[in-house]
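Single-structure report; data block below.
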Amino acid sequence: MQRWKQYGGLLGLFAAFLAAGYWGFTATGGALPYAKRSAKALQRGVQESGGSLVDFGRGIVVAGPIRKGGMMIEFAAIVLVLVTLGIGLYIYVDRYSGFDDREPPVS
Amino acid sequence: MNLTGLVGIIAGPLLGALIALVVNIFSAALGHGAVGLLGANTLVNASEAIVAYYAFKTLMRMDWDVFPASASAATLGLSARAFLMGAIIIISGVNGSALPRGDLTIAVAGLVGLNLGVAVIEGILTGFIIQFLASVRPDLVDLADRDTQEEPTGVTA
């Protein structure tokens, strides 16, 4: 199948789901931690939306046990390791497995 | 986000469902979920793995590239899971909630919609991971017979 159709389909799917996600986000209370969001939505039904989608003053919401347990540095270290690993794997694939036209390495 | 779609694509529907059960048992032991919810949680997670697997196979048969096929498959799997989750909550009702069934349906629809938005992120991640696996170990995703690398053209030494 033609490549533009594949990626067009994928982008259409993503656009529809992101629109549904945005509606769900605002309909269930806007910027809220997930547990509070579920409790609020399920106990009282959908409320008028509150809070913005992007709220820099809110900061990054990290799960309570990590934040309150004083493990933010460890958490940040794990995030850093995973990001480094991900970028490393991407570079590895890009260089050595050849999705491009370069000649594969002689084995 | 637990990458169950990825598990389904790699391990297949049967093993994927089994893995969902084992993961949920461990999760319940750690207090994430509950023993009483084991059946519902496993059903929800297994549906994600099964739908992702068959969607991936179908799209690959339609000669899609690995990334769009796996990203779409994982996103579709997650949407199936979100709808099943919503259906289970609506059918079983919520303890301690006095919401009538109609209002509960609307409330749950909001949560399902939110899950669909998050599904996009997991779909993209799954696409990248499967593309990586297909390039280094095509046999893991049953693509050994498929040409994932460009053949060198012309005369080589």
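Values in this text are rule-based calculations from the coordinates and carry no lab data. Please read these numbers as outputs of a predicted model, since none were measured by experiment. Cβ sites come from the backbone with ideal geometry, for glycine too, and all protein chains shown count toward neighbours.
For region B:89-111, filtering for residues that are facing chain A (nearest Cβ under 9 Å) and under 24 Å from B:G39 (Cβ atoms) leaves 10.
So, in region B:101-120, how many residues would count as being hydrophobic (A, V, I, L, M, F, W, C) and farther than 16 Å from A:Q43 by Cβ? It would help to see each step written out before you state the result.
Taking region B:101-120 as the starting set, the residues that turn out to be hydrophobic (A, V, I, L, M, F, W, C) are B:104, B:106-109, B:111-112, B:114, B:116, B:118-120.
Now restrict to residues that are farther than 16 Å from A:Q43 by Cβ: B:112, B:114, B:116, B:118-120.
Number of matching residues: 6.
Among the residues of region B:62-99, those identified as β-branched (V, I, T) and either under 12 Å from B:N115 (Cα atoms) or part of a helix (DSSP H, G or I) (or both) are B:V66, B:T75, B:I88, B:I89, B:I90, B:I91.
Within region B:50-85, the set of residues being crowded, with 23+ Cβ neighbours inside 10 Å, over 16 Å from A:F14 (Cβ atoms) and within 12 Å of another protein chain (Cβ to nearest Cβ) comprises B:V66 only. With respect to the conditions (1) surrounded by fewer than 23 Cβ atoms within 10 Å (Cβ to Cβ); (2) free of Cβ contacts under 8 Å to residues at least 40 places away in the same chain, B:I88 falls short on a single one, namely (2). For region A:68-86, the candidate set comprises residues that are at negative phi and not in a helix (DSSP H, G or I); within that set, the residue that is surrounded by the fewest Cβ atoms within 10 Å (Cβ to Cβ) is A:G69.
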